[in-house]
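A short reminder: the numbers here are calculations on the coordinates, not readings from a lab. Computed from a predicted structure; not experimentally measured. Here the Cβ positions follow ideal geometry from the backbone for every residue, glycine too, while neighbour counts run over all protein chains shown.
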Amino acid sequence: MKVDIQISDEPLQIQSCIDWVMSPECGGINIFIGTVRNNTQHKKVVRLEFEAYETMAISEMNKIAREVLDRWPVQKIVIHHRTGVLQPGEVPVVIVVAAAHRDAAFTACRYIIDTLKQTVPIWKKEVFEDGDVWVAAHP
Amino acid sequence: MKILAFGIVKEIFDDSMIDIDLDNESTVEALRFVLEKKYPQLTELGSYMVAINNEYASGGDAIYTNDEVAIIPPVSGG
């Protein structure tokens, strides 16, 4: 199996994501770890609340992974996304790409997070001390 | 016809699922028209997509009675 895609309301296990892609054929592993920032435009963020349309989100993440395997010589891909309430510093997303050579791993990892943010039906609400807002909902 | 809602659309509908009167084989465009009349706040979003059976749909696509239909506001994962 080349691809491991999961949505979970439990804390993401970064080390096991890395372990899953390790293999003697790989020359490099690229990892992107998204973390909850404690401020947005100088406003203090109390927490983020993530929600997913799970079946479609899994399907869209699989599409991204298949496209990546077609376009770049990468060997293994992990995409794990968290749902539920996250505090600043916690990890909502982990993407790991293993490849024989580092160029493909860097490029593919960047492509996966950029595309995920555009197409995968997952939403976050930023909660401030004085209110909340669904990110990207309004122009 | 049952329509699933997520994110800010859940707040606009005040529910995670609503029931809309829509003929079998209506288009996505027709659904948008009916929804925006009932929930004008939808037009204040940057944009929104309609998904049929877990796939993004275009305006001319037909919706059948047993389809799983969802309203997808601008996504913000990651």
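At-a-glance table
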{"item": "Single residue of the range A:110-139 satisfying the filter (among the acidic types (Asp, Glu) and within 15 Å of B:Gly78 (Cβ to Cβ)) that is nearest to the chain's Cα centre (by Cα)", "result": "A:Asp114"}
{"item": "Checking A:Gln41 against (1) away from chain B (no Cβ under 14 Å); (2) over 24 Å from B:Ala51 (Cβ atoms); (3) in contact (Cβ under 8 Å) with a residue 24 or more places away in the chain, the condition it does not meet", "result": "(3)"}
{"item": "Which listed residue is without any contact (Cβ under 8 Å) to a residue 12 or more places away in the chain, farther than 30 Å from A:Phe32 by Cβ and among the charged types (D, E, K, R), from B:Asp67, B:Asp23", "result": "B:Asp23"}
{"item": "Members of the range B:47-78 that are surrounded by 15 or more Cβ atoms within 10 Å (Cβ to Cβ), closer than 29 Å to A:Val133 by Cβ and away from every other protein chain (no Cβ under 11 Å)", "result": "B:Val50, B:Ala57, B:Val69"}
{"item": "Hey, A:Ala136 within 11 Å of chain B (Cβ to nearest Cβ), surrounded by 14 or more Cβ atoms within 10 Å (Cβ to Cβ) and part of a loop (DSSP other than H, G, I, E, B) or not", "result": "yes"}
{"item": "Top-ranked residue in the range A:84-109 [being within 14 Å of the chain's Cα centre (by Cα) and farther than 19 Å from A:Arg37 by Cβ; ranked as surrounded by the most Cβ atoms within 10 Å (Cβ to Cβ)]", "result": "A:Val97"}
{"item": "Condition check for A:Gly27: among the small types (Gly, Ala, Ser), more than 14 Å from chain B (Cβ to nearest Cβ) and out of contact with any Cys (no Cβ under 6 Å at 6 or more places or on another chain)", "result": "yes"}
{"item": "Output for the range B:16-46, where each listed residue is within 14 Å of chain A (Cβ to nearest Cβ) and either surrounded by fewer than 16 Cβ atoms within 10 Å (Cβ to Cβ) or not in a loop (DSSP other than H, G, I, E, B) (or both)", "result": "B:Ser16, B:Met17, B:Gln41, B:Leu42, B:Thr43, B:Glu44, B:Gly46"}
{"item": "Residue count, the range A:30-49 (criterion: in a strand (DSSP E or B) and either touching a helix residue (DSSP H, G or I) at 6+ places or on another chain (Cβ under 6 Å) or under 25 Å from B:Ile72 (Cβ atoms) (or both))", "result": "8"}
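Conditions (1) of a type in the set (Lys, Arg); (2) within 30 Å of B:Ile12 (Cα to Cα); (3) within 14 Å of chain B (Cβ to nearest Cβ); (4) assigned to a strand (DSSP E or B), marked per residue:
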| residue | (1), (2), (3), (4) |
| --- | --- |
| A:Glu51 | no, yes, yes, yes |
| A:Met61 | no, yes, yes, no |
| A:Val68 | no, no, no, no |
| A:Ile77 | no, no, no, yes |
| A:His81 | no, yes, yes, yes |
| A:Val96 | no, no, no, yes |
| A:Phe106 | no, no, no, no |
| A:Trp123 | no, yes, yes, yes |
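Conditions tested, residue by residue: (1) exposed (fewer than 14 other Cβ atoms within 10 Å of the Cβ); (2) under 14 Å from the mean Cα position of the chain (by Cα).
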position: A:Gln6; (1), (2): no, yes
position: A:Gln15; (1), (2): yes, no
position: A:Val36; (1), (2): no, yes
position: A:Asn39; (1), (2): yes, no
position: A:Arg47; (1), (2): no, no
position: A:Phe50; (1), (2): no, yes
position: A:Met61; (1), (2): no, yes
position: A:Val74; (1), (2): no, no
position: A:Ile77; (1), (2): no, yes
